[in-house]
Amino acid sequence: MPELPEVEIVVQCLDRLLPGRTIRSARLRRSRLAPDITPRSFASRLKESQILSVHRRGKFILINLSNKRTLITHLRMSGRFMLLGPDQEDPKFAHAVFHLDGDERLVFRDQRHFGLMKIVESATVFETKDLAKLAPEPFSNDFSLDYLTTVLKRSKRNVKQLLLDQTKVCGVGNIYASEAMFIAQINPMRRGTQISRAKIAALREAIREVM
């Protein structure tokens, strides 16, 4: 499962390759990849739009377009983007194909079939259900000691469950949560209410360190 650091690397690569390129046409080959829209509408909303930038919120990849829309993608278990030339065939499990200017194609491949795409208005992208509920980013100023202390002290769940809850701590997955708790020397089965403020401070730094 790609976590925040892996998604960040994908975003950085896409943001080097895609801005300025135009999506000449788009094809949704697996309708369940974008369940909120028909394949025909998917294609029409992306056709002849220029890619302005690529960034992320949590583990969601956001591709901003010139038509004031944003393509939201979640890789889930096995989703990946591939930039292919005209002489390269679409790989197996190519669930969405974006034909770019210059005869290249951006292909979304997903062997496990868990990936997700949505097209939303850019002005309200952070108000969409998937993004609005996300917690502060681990490297943001909002992810403060006071914030994490409040999160832990208000719940009876154990620490690991809280760290994996994207509405409490954004972008931390199973491996990174385990590493952070090991560094901070916190038993993952302890309840948040049982952790001292000093330990919470150590946990906050450990999360940022491993991420």
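The values are calculated or read from the model by the stated rules, or taken from the named source; none is laboratory data. Note that the structure is a prediction, hence the values are computed from the model and not measured. With ideal geometry, Cβ positions are generated from the backbone for all residues, glycine too; neighbour counts draw on all protein chains shown. Remember, those area values only see protein heavy atoms, side chains included, never the ligands or the DNA or RNA. Shrake-Rupley method; radii C 1.70, N 1.55, O 1.52, S 1.80 Å.
Observations on the structure shown:
- Over the chain, DSSP H runs of length four or greater, each weighted -39,500 (n - 2.57), average out per residue to a 222 nm ellipticity of -9000 deg cm²/dmol.
- Taking label points 7 Å from Cα along the Cα-to-Cβ direction, Ser31 and Glu6 give a separation of 3.0 nm.
- Set of region 151-171 residues, backbone N closer than 17 Å to the point 7 Å along the Cα-Cβ line of Asn187: 156-162
- Qualifying lysines (Cα of each under 29 Å from Cα of Lys160; at least 8 residues distant if same chain): Lys59, Lys129, Lys133, Lys168, Lys199
- Computed from backbone phi with θ = phi - 60° and the Karplus coefficients 6.51, -1.76 and 1.60, the 3J(HN,Hα) list for region 169-179 is 9, 8, x, 8, x, 4, 5, 5, 5, 4, 5 Hz; x is used for glycine and proline.
- Counting all C-alpha pairs of region 142-195, share separated by more than 18 Å (%): 21
- Ignoring lysines fewer than eight residues from Lys47 along the same chain, the ones with Cα atoms less than 18 angstrom from its Cα are Lys68, Lys118.
- Euclidean distance between Cα centres, region 7-77 to region 98-143, Å: 7
- For region 12-115, carbon and sulfur atoms together expose 44% of the accessible surface, with a 1.4 angstrom probe and every protein chain in place.
- Rg over Rh, two decimals, the chain (C-alpha only, Kirkwood Rh): 1.04
- Considering all different alpha carbon pairs of region 106-211, the Kirkwood hydrodynamic radius works out to 15.1 Å.
- Relative contact order [Cα under 8 Å, 6+ residues apart], the chain, whole percent: 18
- Extension reserve of the Gln161-Leu145 stretch, reckoned as 0.36 nm per residue once the Cα distance is removed: 3.9 nm
- Distances between every pair of Cα atoms in region 1-124, grouped in 10 Å steps from 0 to the bin holding the largest one, split as 14, 49, 35, 2 percent.
- Heavy-atom accessible surface of the chain, averaged per residue, reaches 52 Å², computed with a 1.4 Å probe.
- Percent accessible area from carbon and sulfur atoms, region 166-211, protein chains only, probe 1.4 Å: 51
- Computed from the Cα positions only, the extents of region 85-151 along the three principal axes stand at 55, 28, 20 Å, in decreasing order.
- Using a simple spin-label model with pseudo-atoms 7 Å out from Cα toward Cβ, Glu104 and Phe126 lie 3.0 nm apart.
- The heavy atoms of Lys68 offer some 150 square angstrom of accessible surface to a 1.4 angstrom probe.
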